[in-house]
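The values are calculated or read from the model by the stated rules, or taken from the named source; none is laboratory data. The model shown is predicted, which means the values in this text are computed figures rather than measured ones. In this analysis, Cβ positions are derived from the backbone assuming ideal geometry, glycine residues included, and neighbour counts consider all displayed protein chains. Ligands, DNA and RNA are stripped out before the accessible areas are found, and what is left, the full protein with its side chains, is counted by its heavy atoms. Shrake-Rupley method; radii C 1.70, N 1.55, O 1.52, S 1.80 Å.
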Amino acid sequence: MSLDTEDDGSYTLRQNIGGLATAIGPYHKEHHDCLWVGWSGSAAEDNSEDELKRVRKAYEDRRCVPIFLSQHEIDGYYAGFSNDTLWPLFHDFGHEATFDPEDWQVYCEVNQRFADVLAPLIHKGDTIWIQDYHLMLLPRMLRERFPQTAIGWFLHVPFPSPEIFRSLPWSREILEGVLGADLLGFHTVDYAASFKAAVGVLLNYECPDSGAITLPDGHVATVDAFPIGIDYNLYSRTAKSTLARSMRMGIEQAADKRPGRVRRYRVALSAEGDAVAEAIKKEGSWWSHNIREELPELTLARSAVTDRSNKVIVSVDRLDYTKGIPERLRAYERMLEKYPEWTGHVTYYLLATPSREKVETYKRLKEQVDQLVGQINGRYSLLSWTPIHYITRSLPIKPVCGIYAAGDVALVTPLRDGMNLVAKEYLACHDGRSGALVLSDMCGAARELTQAFIVNPYDTEAVAEALHDALEIDPAESRRRNICMQAILKVRTASSWCTGFLSALRQVTDPSLADRRLRMDQRDGMMSQWSVAKRRLLLCDYDGTLTPLVRTPARAKPTRALASLLRRVGSQPGVDLVIVSGRSHETMEQWFGNLPVSMIAEHGAWNKDCREGAHATWLRSAGLPEASRWKPVVRSLMDDAVVRAPKSFVEVKDDAMAWHYRLTDGRHAESARQLLLDDLRRVVSDLGLRIMENAKVVEVCPVVTSKGNAVGPLVESGLYDFVLAIGDDVTDETMFSVVPEPGWTIKVGAGITKARSRLLDSAAFQRLLSYLAAQSQACALESD
């Protein structure tokens, strides 16, 4: 967060846009028991005691706790060890790193300061999430004081190979520090693997495939990957509104010149995005030559889909040696040299915000960039055209989105980057529209954005060629590629990253949930199998799996969001989604009958195959005993249990009967449950029935029915090259047992299981299901 000074001398906080602030900010805002602790951003001695009190109050009013550092601490901890040592080392620029023992000492002291400030704020049951390389000693410091507290740590930059990392004199102390966390997160599986390799080499700890590293004191630290996303809707919405606003302003200023055309533009502005672009396609030349000249601040906010000869390349970066700005300028120059037809027809808008301007390395970098820009502009400029527009100031989100939206091509070629959100922000600002992305293979985003023009940023010829290809790409092909990548970005958002990490932290700190946790490398493998499969089978339990368990069965009705997700998955080509439940077939028909899903009800007693289309009907399984023979006996016993346990009730189905005691207090419920089980065991075998115990439910159904028997024919049909079965209770174990490898079986929640993987809860499965749906959409577009 940023601190602004008001006219009356008071302070207000402003939420920053982008990266960590955007990812965690909404979670902090929504959870009123959440505190955000961090450095205040300025030197303590620059403020009077009264000013410090007012600054502290401004932060505390927003549930933030500021830590005030002296200039000496800032120089040694932040500018020194964090940015002059860890930053270059982690980005594979070891030659830029300094190893100053005094900086290391201050880094240790400031990490200890954070621990001291946090200590009185921590209570039993709290969760602590530590961010980035600035606080790598803090997890161990807190673990020593609060051994039972859940601690997570996430690295927002790459982690280097052990060979590079071991050059740090204090590498072992750093590793021991972060291993105090329960969960250590990285952007990619590769970075997580590099960290585990460093732990193996430098500490000689065993690092199993599960990522769970057991330390000598018995503490277990789990390592995994969690790729961060962006607030997709924020950037998409802002880009559209910025485009429309810029067009309106340009139209108003041009009204006295071309009133007829202005009227047509105004009509088009009643719609959004591409409708605006369509309106100016016919008049693109007039717009370019008049509005651009009169409104230079707004020219970047014209639509990137207009049909015109001039193209725009955009880059948005901090001026840092890891971003590869000199290398990309040379590539742009090489493209103009190799393809002279682009001279006068493509303009490069380079937004490079200066940083650390007093540091010699950054001074030299700025001089180098300034010189290259001048050299290229001097060599290629024409009377009415300048190749590079070089912007060296920080801009707020609206004009940045305008820049993104203006770019026919985004040139994003860092030499090393943890994720690089610029690439994702550019795509969000081209939601459903054309626009090409040239992306470095040295950043985490390249693992997800596979439809971009992926390049080695050090290869000038390759980048120049990719830039030319991106400028030449057919708009329809560009749009298809973008929609593929956007489908993924819309579900892998900043919010889902935040929720996913905290969900994983909760899972690894609960012994009943930690084993068989579905790791990121396994998810990646699942997505790869899903992508190449010709026909996919999803077998999903409902209660406790697709939706949380609730106090009464009627409250489990699917929400609109869940119904929409099921429709999206079930309607994908080559996907057969089957809901396998103990619910009555009447209830399932009422809830899911209008969705493109097949259904198996009452643990297999009834089924409906949606593949039969409008002719699909419910079918009762063969060989079931007559319900009239056993229902009166079982009903009588369950009615007795209702009398013993207030607020319990009986649910009667066509071929099953269940006693629910979730609303009954524990003492009465346990006594009534045991008596009912004793009574039922005396009669069920003679009636051809069996007893099933689920979450606060005792159910009786025919011996011949089970979810495994019901889904077995589908699994064994040979029709499917991808199978996933998922459930949360003992009734789903028979389903898991009939799915052979390489099929996927997933247990939701705690409990002994035959499933090969485990998820925390139904929310985690809904996220996974949305990822699969997005992957299907992307695959369908790739094959077009």
Problem set entry | Mean accessible surface per residue for the chain, computed with a 1.4 Å probe while every protein chain stays in place, in Å² | 42 Å²
Exercise. If you place +1 on the Cβ of every Lys and Arg and -1 on the Cβ of every Asp and Glu, how big does the dipole about the Cα centre of the chain come out, in debye to the nearest 20?
Worked result: 2480 debye
Exercise. Under a 1.4 angstrom probe, counting protein chains only, how are H91, H134 ranked by accessible area, largest first?
Worked result: H134, H91
Exercise. Mind checking the angle between helix 325-338 and the chain's longest principal axis? C-alpha axes, 0 to 90 degrees, to the nearest 10.
Worked result: 70 degrees
Exercise. Helix 101-118: angle to the longest alpha-carbon principal axis of the chain, degrees 0 to 90, nearest 10?
Worked result: 50 degrees
For this session: Would you please give the FRET efficiency between I454 and D116, computed as 1/(1 + (r/R0)^6) with r the Cβ-Cβ distance and R0 = 35 Å, to the nearest 0.05?
Result: 0.15
Seminar exercise, completed: So for R0 = 22 Å, FRET eff. of Y339-K366 from the Cβ-Cβ r, to 0.05, ends up at 0.15
For this session: Choose one of G76, S757, V491: the residue whose Cα lies farthest towards the positive end of the charge dipole of the chain (beta-carbon charges +1 Lys, Arg; -1 Asp, Glu; about the Cα centre).
Result: V491
For this session: Quick one: which residues, 5 or more positions from R517 or on another chain, have an amide H under 5 Å from its amide H? H modelled 1.01 Å from N in the peptide plane, none for Pro or chain starts.
Result: R758
Exercise. What FRET efficiency do you get for D665 and Y27 if R0 is 35 Å and r is their Cβ-Cβ distance, rounded to the nearest 0.05?
Worked result: 0.50
Seminar exercise, completed: Taking only protein heavy atoms and a 1.4 Å probe, the highest-to-lowest accessible-area order of V650, V106 is V650, V106
Problem set entry | Share, in percent, of DSSP beta bridges within the chain that are antiparallel, nearest 5 | 30 percent
Seminar exercise, completed: When the charge dipole of the chain is computed with +1 on Lys and Arg Cβ and -1 on Asp and Glu Cβ about the Cα centre, the Cα farthest towards its positive end, among S194, A225, A614, belongs to A614
Exercise. What order do you get for 478-489, 599-610 when each peptide is scored by the mean count of other beta carbon atoms within 10 Å, highest first?
Worked result: 599-610, 478-489
For this session: Could you work out the local net charge near A616, counting Lys and Arg as +1, Asp and Glu as -1, over the other residues with Cβ closer than 12 Å to its Cβ?
Result: -1
Problem set entry | Acute angle (nearest 10 degrees) that the helix 397-406 long axis makes with the longest principal axis of the chain, alpha-carbon atoms | 80 degrees
Seminar exercise, completed: The simple spin-label model distance between Q105 and W618, using points 7 Å out along Cα→Cβ, in nm, is 7.8 nm
Exercise. For the chain, what % of the accessible area comes from carbon and sulfur atoms, probe 1.4 Å?
Worked result: 50 percent
For this session: Can you sort W744, W39 by 1.4 Å-probe accessible area, starting with the largest?
Result: W39, W744
